[in-house]
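Trainee: Got a structure for you, questions after.
The values are calculated or read from the model by the stated rules, or taken from the named source; none is laboratory data. Just so we're clear, the structure is a prediction, and the values are computed from it rather than from any experiment. Here the Cβ positions follow ideal geometry from the backbone for every residue, glycine too, while neighbour counts run over all protein chains shown.
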Amino acid sequence: MAPRTLYDKIWDDHVVDTQPDGTCLLYIDRHLVHEVTSPQAFEGLRVAHRKVHAPQKTLAVVDHNVPTTDRSHGIDDPESALQVATLARNAEEFGVEYYNELDSRQGIVHVVGPEQGFTLPGMTIVCGDSHTSTHGAFGALAHGIGTSEVEHVLATQTLVQNKAKNMRVIVDGQLPEGVGAKDIILAIIGEIGTAGGTGHVIEYAGEAIRSLSMEGRMTVCNMSIEGGARAGLIAPDEKTFAYILGKPKAPTGEQLEQALAYWKTLFSDEGAHFDKEIRLDAANLPPIVSWGTSPEDVVAVTGTVPDPEAIADENKRSSKRRALDYMGLKPGTPITDIPLDKIFIGSCTNGRIEDLRTVATMVAGKTVAPSIKLAMIVPGSGLVKAQAEAEGLDAIFKAAGFEWREPGCSMCLAMNADRLDPGERCASTSNRNFEGRQGFKGRTHLVSPAMAAAAAIAGRFVDIRTLG
Amino acid sequence: MQPFTRLEARACPLGLANVDTDQLIPARFMSRPRTAGYGTFLLHDLRFGPDGAPVPGFVLDDPRRAGARILVARRNFGTGSSREAAVYALVDYGIACVIAPSFGDIFASNAVKNGLLPATVTEDDAESLLAAIEAEPETPVCVDLTAQTIAAGDRAIAFAIDPVRRLQLLNGWDDIDLTLRHAAEIAAFARTRRTEAPWIVPGHGG
C-alpha cells in the first residue's frame with residue numbers, strides 16, 4: 001500500500017460507501033451536542049418521526065449561553081433558559097446522555113469530550129461547533145458541522161463528505177521561555193492566513209508540537225478553523241495515551257490493549273504525500289498579540305501596530321484600514337502601549353487546568369491594575385474548576401482581584417451576559433477577534449493565558465519574557 | 001427543499017472580504033427561535049447602530065436594492081463559526097445566492113443544505129460584478145445553475161461549485177433520505193467495527 005497520511009488512515013477506516021463521483025459516506029464515532037446548534041436538528045427528527053441512530057455515541061452538554069454566575073436558582077434570561085430546557089427535553093426524549101448546568105461534568109463541549117474519555121484517537125468526531133477541531137489533538141478526525149449536518153448525524157450516524165486535501169505544518173525546535181501553544185497557533189495563522197487551510201486537514205508535527213502537553217496540543221488544534229481548516233490533527237503518542245488512561249469513558253483491560261495496538265499505527269507514513277507543507281522554527285517565536293479583526297492580524301508583543309498604507313493590494317489595504325479603525329488603533333503604536341479595559345481568561349482554546357496554573361503563577365501575590373474594569377477567569381468545565389480549587393488556584397485569583405466564574409463559553413462569543421461594552425478593549429485567551437465577537441463594538445486582542453495574566457496586572461500588554 | 005435552477009433578481013454589493021459568520025449574525029441572537037425569522041438579524045451590527053437605528057446608507061437598506069436576492073462579496077465569505085444561523089439569516093432575509101471568490105468550508109456546506117447557492121468566481125470577476133451592480137443597482141443579475149453562468153447586463157461570467165453540491169441544489173435533495181438508502185451498509189459497518197474494535201463503543205463510567 002502506498003504511504004498514507006494520518007488523515008488518510010482515519011478516513012479510510014470510516015468510509016461506509018463511495019459514490020462514482022468520489023463522495024463518501026463517512027461513519028461518525030462520536031457526536032457532541034450543545035444547546036445552540038441542536039434545537040432545529042432535534043425538531044427535524046421529530047417532524048420526520050426519526051430516532052437518534054446511536055444515542056450511546058452521542059453526548060449533550062450546555063455551554064454556549066449559560067450564565068457563568070451562580071445558576072443554582074435557575075437561569076434568568078428567558079431565551080437562554082428556554083434553549084437550555086429544550087436541550088434537556090430533547091436529550092430525555094431521544095435517550096441521549098446529558099450534562100446540565102448544575103452537573104459537575106458540565107463545561108465547554110471541547111473540554112468535556114477529552115475529560116470524559118469520550119474523545120479517543122482514530123475516531124471521527126463531530127459537533128455543531130467549529131472548534132470541534134480541538135479533539136484532533138488526540139489523533140481523532142474531528143470537525144465542526146452545521147445544524148443540518150447535526151440532524152443528519154443524529155439520524156444516520158454518518159456524514160456525506162468529500163475528502164479534504166492534506167496539509168502539514170511542521171514546527172521545529174524548542175519554544176523559548178514565556179512562549180507557548182497559543183503563540184504557535186497564532187504565528188501559524190499569521191503565516192498562512194485565515195483561508196490558508198481551506199479545503200485541507202492540517203497535521204501538526206515537529207519537535208515543538210511533540211513537546212507540548214495534551215492541553216497545549218488542544219490549543220493548537222482548536223484554532224485550525226481560524227486558519228481555514230475544518231480539522232487539525234496531531235499523531236497520538238505516549239502523552240496522549242497517558243492522558244486517556246483512567247478517564248471515565250475510556251477503554252480498560254483487554255479493550256485498552258487492543259485500542260493501544262491500533263492507536264500506535266496512527267501516524268503519517270514516511271513518504272506520505274502532503275498537498276501543502278509549511279515549516280516554522282519555534283526558537284524564533286515571540287509572545288504574540290492580535291491587533292486587528294481577523295486572527296491573521298498578529299504581531300510580536302515587541303512590535304507595533306502595522307501601517308495598512310504599506311500594503312500593495314488595494315482591497316487588503318482598505319480591509320486592514322477598516323480593522324484599525326474598528327480597533328481604535330493608530331499605525332506605529334507599540335503593542336505594549338495599548339491600554340486595556342477587560343481581561344477574559346477561558347474558552348475552549350485556553351480554559352483548561354494547565355492554562356489556569358500558568359495564570360496562577362503569573363498573578364500570585366500581585367493585584368489586577370486599577371484601570372482594568374473586569375478581569376474574569378472562566379474554567380472550561382466543572383472538573384477543571386474543581387481541580388483548580390483543590391490546588392488553591394481560585395484563592396490566588398480572587399486575592400489578585402479576578403472574578404472566578406462557573407464554566408461555560410462566556411465572553412468568547414458573548415451569548416450570555418459576559419460581554420464587552422462598545423469601545424471596550426479586552427485581552428482575551430479566546431480564539432476570535434472578529435468585529436462584535438465579544439460584544440457590540442467590543443475590541444478583542446487574542447493572546448496566550450500568560451500574556452493575558454500579565455496584562456491584567458499591568459493594565460496593558462507586557463513582554464512576559466522580560467518579567468523577573 | 002426547493003430545487004434551485006435559475007434565479008433572476010437584483011443584487012447587493014457587499015464590498016468586504018472575510019465577512020465572518022459572527023458578522024452575518026451576532027451570537028446574541030442565536031437563542032431566539034427561528035419561527036419569527038432571522039432576516040432582521042442579517043449583518044445586524046453593520047446595519048444598525050448602538051441605539052438600534054439603521055446606519056444611514058447601508059447597502060441592504062438602499063431602496064434601489066429592494067427585493068435583492070443575490071449578494072456579491074469579496075474573498076473568504078462565511079469564514080469562522082459553524083453556525084447555520086448565518087445561512088438562516090441570509091435565507092430569511094430573501095438571499096438565495098452569494099457570489100464571492102471563496103467561501104468558508106462549513107458555511108458553503110450549510111448554505112447548500114438550505115437551498116442557498118454559494119457561487120465561486122475569480123477575484124477579477126467578483127470585482128467587475130461589484131462594479132457593475134454598483135453602477136446599475138436596479139439591473140437584475142441572472143444566475144443559471146444548470147449552465148453555471150452569471151449574467152449582469154452584457155457581462156457573462158462562469159462560476160464554480162462542487163458538482164455534488166450542484167446536484168443537491170438542482171434537485172432539492174434531502175440528504176437524510178438519500179443516506180437512509182444506505183441503512184443496511186451503515187448497520188453492517190457498525191457491526192464490523194464493533195467486532196474488530198470493541199473499544200470504540202463508549203464505556204459506561206462517569
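Trainee: Looking at (1) within 11 Å of another protein chain (Cβ to nearest Cβ); (2) closer than 15 Å to A:Met415 by Cα, can you tell me which one B:Arg34 breaks?
Mentor: Every listed condition holds for B:Arg34 apart from (2).
Trainee: Here's another thing I want to ask about it. Filter segment A:147-199 down to residues that are hydroxyl-bearing (Ser, Thr, Tyr) and not assigned by the TED database to the domain that holds A:Gly44 and give me whichever is nearest to B:Asn110 (Cα to Cα).
Mentor: Taking the candidates together, the pick is A:Thr198.
Trainee: Take segment A:200-211 and flag every residue that is assigned to a helix (DSSP H, G or I) and either buried (at least 21 other Cβ atoms within 10 Å of the Cβ) or within 14 Å of another protein chain (Cβ to nearest Cβ) (or both). First the steps, then the outcome.
Mentor: If we filter segment A:200-211 for residues that are assigned to a helix (DSSP H, G or I), which is where we start, we get A:207-211.
If the condition is that a residue be assigned to a helix (DSSP H, G or I) and either buried (at least 21 other Cβ atoms within 10 Å of the Cβ) or within 14 Å of another protein chain (Cβ to nearest Cβ) (or both), then A:Ala208, A:Ile209 are the ones that fit.
Trainee: Within segment A:47-63, restricting attention to residues that are within 11 Å of another protein chain (Cβ to nearest Cβ) and among the hydrophobic types (A, V, I, L, M, F, W, C), which residue is surrounded by the fewest Cβ atoms within 10 Å (Cβ to Cβ)? Reasoning before the result, please.
Mentor: The first filter runs over segment A:47-63 and keeps only residues within 11 Å of another protein chain (Cβ to nearest Cβ), leaving A:48, A:50, A:53-59.
Subsequent filtering for residues that are among the hydrophobic types (A, V, I, L, M, F, W, C) retains A:48, A:54, A:59.
Numbers: A:Ala48: 12, A:Ala54: 21, A:Leu59: 26.
The extreme case among them is A:Ala48.
Trainee: For B:Ala131, which of the numbered conditions (1) among the aliphatic types (A, V, I, L, M); (2) under 16 Å from the mean Cα position of the chain (by Cα); (3) within 14 Å of chain A (Cβ to nearest Cβ) fails to hold?
Mentor: (2)
Trainee: Exactly one condition in (1) at pLDDT 95 or above; (2) more than 13 Å from every other protein chain (Cβ to nearest Cβ); (3) surrounded by fewer than 20 Cβ atoms within 10 Å (Cβ to Cβ) is false for A:Ser72; which is it?
Mentor: Failing condition for A:Ser72: (1).
Trainee: Among the residues of segment A:272-294, what is the count of those that are part of a loop (DSSP other than H, G, I, E, B) and either assigned by the TED database to the domain that holds A:Arg321 or within 23 Å of the chain's Cα centre (by Cα) (or both)? Reasoning before the result, please.
Mentor: The initial filter retains those residues of segment A:272-294 that are part of a loop (DSSP other than H, G, I, E, B), namely A:272-275, A:285-287, A:291-294.
Subsequent filtering for residues that are either assigned by the TED database to the domain that holds A:Arg321 or within 23 Å of the chain's Cα centre (by Cα) (or both) retains A:285-287, A:291-294.
Looking only at that region, the number is 7.
Trainee: Just name the residue that is nearest to the other protein chains (Cβ to nearest Cβ) out of those in segment B:137-147 that are surrounded by 15 or more Cβ atoms within 10 Å (Cβ to Cβ) and assigned to a loop (DSSP other than H, G, I, E, B).
Mentor: Looking at residues that are surrounded by 15 or more Cβ atoms within 10 Å (Cβ to Cβ) and assigned to a loop (DSSP other than H, G, I, E, B), I get B:Leu145.
Trainee: Looking at A:Val52, A:Val62 in this structure, which one is of a type in the set (Val, Ile, Thr) and over 20 Å from the mean Cα position of the chain (by Cα)? Please lay out each step first, then the result.
Mentor: Details: A:Val62 fails: over 20 Å from the mean Cα position of the chain (by Cα).
The match here is A:Val52.
Trainee: Just the residues that are part of a loop (DSSP other than H, G, I, E, B) and more than 23 Å from A:Ser130 (Cβ to Cβ), please, taken from segment A:344-386.
Mentor: Matches in segment A:344-386: A:Ala364, A:Gly365, A:Lys366, A:Thr367, A:Val368, A:Ala369, A:Pro370, A:Ser371, A:Ile372, A:Lys373.
Trainee: Looking for whichever is touching a residue at least 12 places away in the same chain (Cβ under 8 Å) and within 14 Å of chain B (Cβ to nearest Cβ) here; the options are A:Ile188, A:Ile145. Which one fits? Spell out the reasoning first.
Mentor: Values: A:Ile188 fails: within 14 Å of chain B (Cβ to nearest Cβ).
Every option except A:Ile145 fails the conditions.
Trainee: Further question on the same structure: So which of A:Pro370, A:Pro422 is within 14 Å of another protein chain (Cβ to nearest Cβ), surrounded by fewer than 24 Cβ atoms within 10 Å (Cβ to Cβ) and at pLDDT 95 or above?
Mentor: On the way: A:Pro370 fails: within 14 Å of another protein chain (Cβ to nearest Cβ).
Going through A:Pro370, A:Pro422 in turn, just one is within 14 Å of another protein chain (Cβ to nearest Cβ), surrounded by fewer than 24 Cβ atoms within 10 Å (Cβ to Cβ) and at pLDDT 95 or above: A:Pro422.
Trainee: Condition first: among the charged types (D, E, K, R) and under 13 Å from A:Gly199 (Cβ atoms). Now tell me which residues in segment B:103-122 satisfy that. Walk me through it before giving the result.
Mentor: The initial filter retains those residues of segment B:103-122 that are among the charged types (D, E, K, R), namely B:105, B:113.
B:Asp105, the sole residue that qualifies.
Here is a yes/no grid of residues against (1) touching a residue at least 60 places away in the same chain (Cβ under 8 Å); (2) small (Gly, Ala, Ser); (3) touching a Phe, Trp or Tyr at 6+ places or on another chain (Cβ under 9 Å):
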| site | (1), (2), (3) |
| --- | --- |
| A:Ile234 | yes, no, yes |
| A:Glu238 | no, no, no |
| A:Leu245 | no, no, no |
| A:Pro248 | yes, no, yes |
| A:Gly253 | no, yes, no |
| A:Leu260 | no, no, yes |
| A:Ser268 | yes, yes, yes |
| A:Leu285 | yes, no, no |
| A:Thr293 | yes, no, yes |
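Trainee: Is it the case that A:Arg217 is of a type in the set (Lys, Arg), assigned by the TED database to the domain that holds A:Val171 and within 18 Å of A:Asn350 (Cα to Cα)? Quick ask: steps written out before the conclusion?
Mentor: Working: of a type in the set (Lys, Arg): yes; assigned by the TED database to the domain that holds A:Val171: yes; within 18 Å of A:Asn350 (Cα to Cα): yes.
When the stated conditions are applied, A:Arg217 passes them.
Trainee: While we're looking at this one, here's another question. Do we find that A:Leu383 is among the aliphatic types (A, V, I, L, M) and more than 29 Å from A:Gly436 (Cα to Cα) in this structure? Give the steps one after another, and end with the answer.
Mentor: Numbers: among the aliphatic types (A, V, I, L, M): yes; more than 29 Å from A:Gly436 (Cα to Cα): yes.
Considered against the rule, which asks whether it is among the aliphatic types (A, V, I, L, M) and more than 29 Å from A:Gly436 (Cα to Cα), A:Leu383 comes out as yes.
Trainee: Next question. Residues in segment B:104-122: is at least one among the hydrophobic types (A, V, I, L, M, F, W, C), assigned to a strand (DSSP E or B) and buried (at least 20 other Cβ atoms within 10 Å of the Cβ)?
Mentor: yes
Trainee: Return the residues of segment A:261-277 that are more than 9 Å from chain B (Cβ to nearest Cβ) and either among the small types (Gly, Ala, Ser) or in contact with a Pro (Cβ under 9 Å, 6 or more places away or on another chain) (or both); say none if nothing qualifies.
Mentor: Filtering segment A:261-277 down to residues more than 9 Å from chain B (Cβ to nearest Cβ) leaves A:261, A:263-277.
Listed by number, the residues that qualify are A:Ala261, A:Trp263, A:Lys264, A:Leu266, A:Phe267, A:Ser268, A:Asp269, A:Glu270, A:Gly271, A:Ala272, A:His273.
Trainee: Within segment B:85-101, restricting attention to residues that are closer than 21 Å to B:Ala147 by Cα and touching an Asp or Glu at 6+ places or on another chain (Cβ under 9 Å), which residue is farthest from the other protein chains (Cβ to nearest Cβ)? Break it down stepwise before answering.
Mentor: So the first thing to find is which residues in segment B:85-101 are closer than 21 Å to B:Ala147 by Cα, and the list is B:95-101.
The next check asks that each one be touching an Asp or Glu at 6+ places or on another chain (Cβ under 9 Å); those that pass are B:99, B:101.
Details: B:Ile99: 16, B:Pro101: 10 Å.
Out of the qualifying residues, it is B:Ile99.
Trainee: Ok, one more. Residues that are buried (at least 23 other Cβ atoms within 10 Å of the Cβ) and under 17 Å from the mean Cα position of the chain (by Cα): does segment A:192-199 have at least one?
Mentor: yes
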